Structures are given as structure tokens and as C-alpha cells.
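The values are calculated or read from the model by the stated rules, or taken from the named source; none is laboratory data. Computed from a prediction, not measured in an experiment: that's the story for all the values here. Neighbour counts are summed over all protein chains in view; Cβ atoms, including those assigned to glycine, are modelled from backbone coordinates with ideal geometry. Calculation scope for accessible area: heavy atoms of the full protein, side chains included, ligands and nucleic acids excluded. Shrake-Rupley method; radii C 1.70, N 1.55, O 1.52, S 1.80 Å.
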Amino acid sequence: MASNFMHGCNLVLKHNRDGSFATQTDRRRTFALIDRQLQELGVYKLKLKNLGGRHLNALLSRWQQEGLNAGTIKNRMAHIRWLAEKTGKSGLLSNNNDDYGVDRRQYVSNRDLSAQLDLERLKLVCDEHLQVSFQLQQLFGLRREESMKLQPQLADRGDVLHLDKTKGNRPRDIPIRTPEQRALLDQAKVLAGAGSLIPPNLKYVEQLNRYKTACIQMGLNKAHGLRHGYAQQRYLELTGRKCPACGGLSRRDMPPEVRQADREARQLITEELGHGRDEVTSVYLGS
């Protein structure tokens, strides 16, 4: 049986389904973790409406003592802010993570984390819908969920692929630049018909499980490296140079005219990937 606190969280989650499936799942897991850890800290029978600063300070102190990285703590705090907003307690947490001594997240490693599909290993995936989804990730830089939920008939706008239901609710257009992209998109439209690239007899979570199995079959780690590969290829096209993550000049070593081209390319790639900040895109391109 769910605790009073978790019962309250479940009600909020049930009536507020904004964000992607992955985001909603992460929120639920975070709230369940908070519930368990508060009980371990001696807080029992807590109701959601009584969640206060002293509880959050105790949790934050524990997370910092555990040595969790800044990104993990910030993600948990973002979920708490979301919960506070939905329950009319938006002032529960400051919007500035520096107020809590949480270090700034380090995005850039200057390592090449890209991946390319091995077309022979792709044939090991029996589901044609998944085969197309993986190729969409590589040729259009789509996220995992986007590649499965895409409705090709609606998204194909001739010279761009238009996405509206995206992470962070950031609609975007991705240019259709190559014959390979056009051929793949035409194949996707025939396969999906008026629907998405999730087979009609399956739910998203079922197709997601099949996707994860396919990644193991092909030796891919969640296939996120395909987005890295897309970003790096676009950078090469836009600038004529390799990005820093692929051995190109670092930004500090670029002459002014090259740095300007670098900046413009990063802004465009950030938009195509659906991110809100260029600094996030640096994890794909290096710095």
C-alpha cells in the first residue's frame, strides 16, 4: 500500500501528464525514492501538503554526502520543483541551484561518443518499424521516443521533417538534405500509413522494451550515440571542419572567423536536436 505522501504524488502524476513518457517515469521514480529516503530519515506518515523545507534540506544533505554528481541532484530538484508547482507551493525551492551549493553540471568531455549503425547487424532486428526508427535517429538526429512516436505522413513537410510533440515541448524542423533521408522518410510513410512507427497492436512501453532488446542485439548503448553522429556530421557540413570531439580545433584555439562559424553552426545544430542551450550541444561536439 502506498504511503500518504506517495498517494498524493500519484494523484498529481495522474492528473498532470505533461512531458515525455521517460520524463513522467523519472518523476515517479524520484518521488518514490524521496518517499523511501524520508522514511529512512525517520519521517513517517508525511502528507504531500506538509512537505517542507526541512525535509528537502535533509534529502539534499544526504544526496551530497552520497557523492552524487551535480546532474543527478539537479534532475531530482527539477522534479521536486514540478511537484511543488502543481500543488501550489512553487516557493518551496529556490530556482537557483547555487543557493543549495550544487555545483554546476559539467557537459563537455571532448570525447567522441558517436555511433553508426552497422547495417548488417540492423538486419538482426526483426521488426521493420524498429529498423526504420534506428535509421531515423541516425539520419535526422531524433531522440529514442521521437523515432518511435513519429507520424511520418504528418511530419513530412517536403523540405523539412516537422516535430511537434517533443521533449520540453519545443517544436522543431529538421532539414531534409540528402537522397538517403528522403528515401528513408518515404519508406517510413508507407510502413506507418496514417499512424506512427509503433505497430498498431503495441503500446509505446511495449515497443520501448523491444527497442532496448534490439540495442543489445546490435551492441548499441541506448543508441544515443546516433544523435552524436548526426550532430557531428552536420557540424562538418556547416563548417567544413571536424568538431573538437572528433579531433578538430578546440574553441579556444580557433581564430575569430572560425569561432564565428563554429558559433553559428552550434546554434543551428542545437535547434535541430531540440535543445534549448548551446552548452548542452557541446556534449555532442566538444568545446
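Observations on the model:
- For the chain, calculated [θ]222 nm from helices alone, where every DSSP H run of n ≥ 4 adds -39500 (n - 2.57): -17500 deg cm²/dmol
- In the structure shown, the pairs Lys165/Lys189; Lys49/Lys165; Lys74/Lys242; Lys14/Lys149 are assessed against 28 Å; a Cα-Cα span above that value is assigned to Lys49/Lys165; Lys74/Lys242.
- Most to least accessible of Thr87, Thr270 (protein chains only, probe 1.4 Å): Thr87, Thr270
- Share of carbon and sulfur in the accessible heavy-atom surface of the chain [1.4 Å probe, %]: 48 percent
- Under 14 Å, Cβ to Cβ, from Asn50 - net charge with Lys/Arg +1 and Asp/Glu -1: +4
- Between the C-alpha center of the range 8-54 and that of the range 238-266 there is a gap of 43 Å.
- Cut-off under 5 Å, modelled amide H: who pairs with Gly248 long-range: Cys243
- Measuring nothing but how far apart in sequence close Cα pairs (under 8 Å, 6+ apart) lie, relative to its length, the range 137-179 scores a relative contact order of 28 percent.
- When only Cα pairs below 8 angstrom with a gap of at least 6 residues are kept, the chain shows a relative contact order of 19 percent.
- Rounded to the nearest 20 debye, dipole of the chain from Cβ charges on Lys, Arg, Asp, Glu: 1060 debye
- Heavy-atom accessible area, probed at 1.4 angstrom with all protein chains present, ranks Ile176, Ile216 as Ile216, Ile176, highest first.
- Between the entries (i) 30; (ii) 14; (iii) 11, the label attached to percent of Cα pairs over 35 Å apart calculated for this structure is (i).
- At most 13 other Cβ within 10 Å, DSSP loop - GluC sites (Glu not before Pro), the range 29-137: Glu66
- Per residue accessible area in Å² of the chain, where ligands, DNA and RNA are left out and the probe is 1.4 Å: 54 Å²
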